[in-house]
Amino acid sequence: MAFESLTERLNKAFKNISGQGKLTEKNMDDMLREVRLALLEADVNYKIVKDFLVNVKDKAVGQEVYTSLNPSQMVVKIVHDELVALLGEKEAPLNFKESGMTVVMMVGLQGTGKTTSVGKITSLLKRKYNKHPMLIAADVIRPAAIEQLQTLGKEVGAEVFSLGIETPAVETVRQGLARAKESGADIVLIDTAGRLHIDDELMEELAQIKEIAKPDDILLTVDAMTGQDIINVAQAFHEKLNVTGLVVTKLDGDSRGGGVLSVRSITQVPVKFIGLGEKMEDLDVFYPDRMADRILGMGDIMTLVEQAQEKMDLEQSEKSARKMMEGTFTLDDMLQQVEQVQKLGSLGGIMKMIPGLNQFASQMDDEKTTRQMNRSKAIIRSMTKEERQDPGILRASRKKRIAAGSGTTVQEVNALVNQFEKTRQMMKQMAQLQKGGKMNMNAL
Ligand code: GDP
């Protein structure tokens, strides 16, 4: 994920003053110097860094009355608020039309993830907003862009309109919009052509499409990996087309993040979505405050809760959790819990969103944990129903069969069963203690 080294550097800067009782001019200056280096190293535009530090200093000086916060907490809060301001204060939703069909035009340089983002946004519109989107394939330049959109359309369940690469893009858009109206779509996304660099011919074509489509939103995809170049690209597109929002892609990569931090402030175009992977669900609405939390290593519990609500079967999880607490859970429940947790993604990724645990996320060996979890799942799946209910009946021959069936060893089967029995025993004791009023679960 982007911002990793920025998070580390900022936390180091804050730590230096955390042990000091008072905020003085001297320790404040030392800390600000560190913050400045951290931001510059993250490739944030130098003008923005300058203004940022002036604002932080001004606010810190004016806030000396907040004695309940120690100096480092106070500075973290101020830096946090300034980051939120830089990133745009509030989320910027799509400009949905009140009635009639909303039109969204996607633009961007080739390879930035434009076509992929059309698919992802369509998927989000269906999942979260209950919309009926239709897609228009107007990228007639990049070979295979039309087929790519058709494949994505199929995957997310949306009709894709295309007239092939021989028809000019403007004509495709004209006919596509008519078709969308006929079909009763409530939102249309137009995938347009990109180029490797900004050129006049491209801009002219996009301006013509804009003229015909009268889009409610023009979203520009920019690749986080290109750093501050994002700003130049965004400015060029904005001058010609009046872009209404940005989709910053590839934030799952190890970009330093500076471009993302600077672009809103310089172009005044809000970031509306962020791309966090290649899969269709790897897109989030951009929330400035949550991003600031993440950058400062404060976790992002809101996104985690939302993902849990969307991806996990909460009823089922609650049921197994309750059985677990009562000490009556079976290996089937254990299997389900593992499956549910895995739906949320990598454990390191989950930890990053939990305040307090995020600092340990980089120490997680995700591959090893996933391998372990997959082996545990394979072992349980190789058991019969009876065995999962009561592993006590497992004798040597059964264990051999399970090990062979799951591609593991008898030792691993033993280890899993022992672990399971131990946990169940412990849970049972806790349940009894709690019943007897001797233990307050909240105190755990
Ligand atoms: P276009 O030329 O702008 O339409 O670009 P594509 O949509 O074809 O994307 C170019 C490449 O970037 C593809 O391999 C995508 O899978 C990949 N890509 C797009 N968005 C993301 C993202 O958010 N994260 C990652 N890791 N890859 C992405």
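The values are calculated or read from the model by the stated rules, or taken from the named source; none is laboratory data. Computed from a prediction, not measured in an experiment: that's the story for all the values here. Glycine also receives a Cβ, built like all others from the backbone with ideal geometry; neighbour counts cover every protein chain displayed.
Remarks
- Selection status of Glu239, surrounded by fewer than 23 Cβ atoms within 10 Å (Cβ to Cβ) and outside any helix (DSSP H, G or I): no
- Residue within segment 202-223 that is under 26 Å from Gly277 (Cα atoms), surrounded by fewer than 17 Cβ atoms within 10 Å (Cβ to Cβ) and in contact with a Phe, Trp or Tyr (Cβ under 9 Å, 6 or more places away or on another chain) present: no
- Pairs, first farther than 16 Å from Asp81 by Cβ and assigned by TED's automatic domain parsing to the domain that holds Lys77 in segment 42-62, second among the small types (Gly, Ala, Ser) and not in a helix (DSSP H, G or I), C-beta under 7 Å, six or more apart: Ala42/Gly257; Asp43/Gly227
- Which numbered condition Arg174 fails, given (1) out of contact with any helix residue (DSSP H, G or I) (no Cβ under 6 Å at 6 or more places or on another chain); (2) more than 18 Å from Thr244 (Cβ to Cβ); (3) at pLDDT 95 or above; (4) more than 14 Å from the ligand (Cβ to nearest atom): (1)
- Pick from segment 246-277, criterion of a type in the set (A, V, I, L, M, F, W, C) and near the ligand (Cβ under 8 Å from one of its atoms), ranking: farthest from Glu4 (Cα to Cα): Ile274
- Among the residues of segment 177-198, those identified as assigned to a helix (DSSP H, G or I) and surrounded by fewer than 24 Cβ atoms within 10 Å (Cβ to Cβ) are Leu177, Ala178, Arg179, Lys181, Glu182, Ser183.
- One residue from Glu166, Glu147, Glu155 being among the charged types (D, E, K, R) and more than 13 Å from the ligand (Cβ to nearest atom): Glu166
- Across segment 278-291, the number of residues qualifying as within 14 Å of the ligand (Cβ to nearest atom) and among the aromatic types (Phe, Trp, Tyr) comes to 1.
- The single residue among Glu166, Glu201 that is in a helix (DSSP H, G or I) and more than 26 Å from the chain's Cα centre (by Cα) turns out to be Glu201.
- For segment 112-135, residues that are within 14 Å of the ligand (Cβ to nearest atom) and not in a loop (DSSP other than H, G, I, E, B) total 12.
- Residue within segment 192-200 that is without any contact (Cβ under 8 Å) to a residue 40 or more places away in the chain, closer than 30 Å to Ser255 by Cα and more than 16 Å from the ligand (Cβ to nearest atom) present: yes
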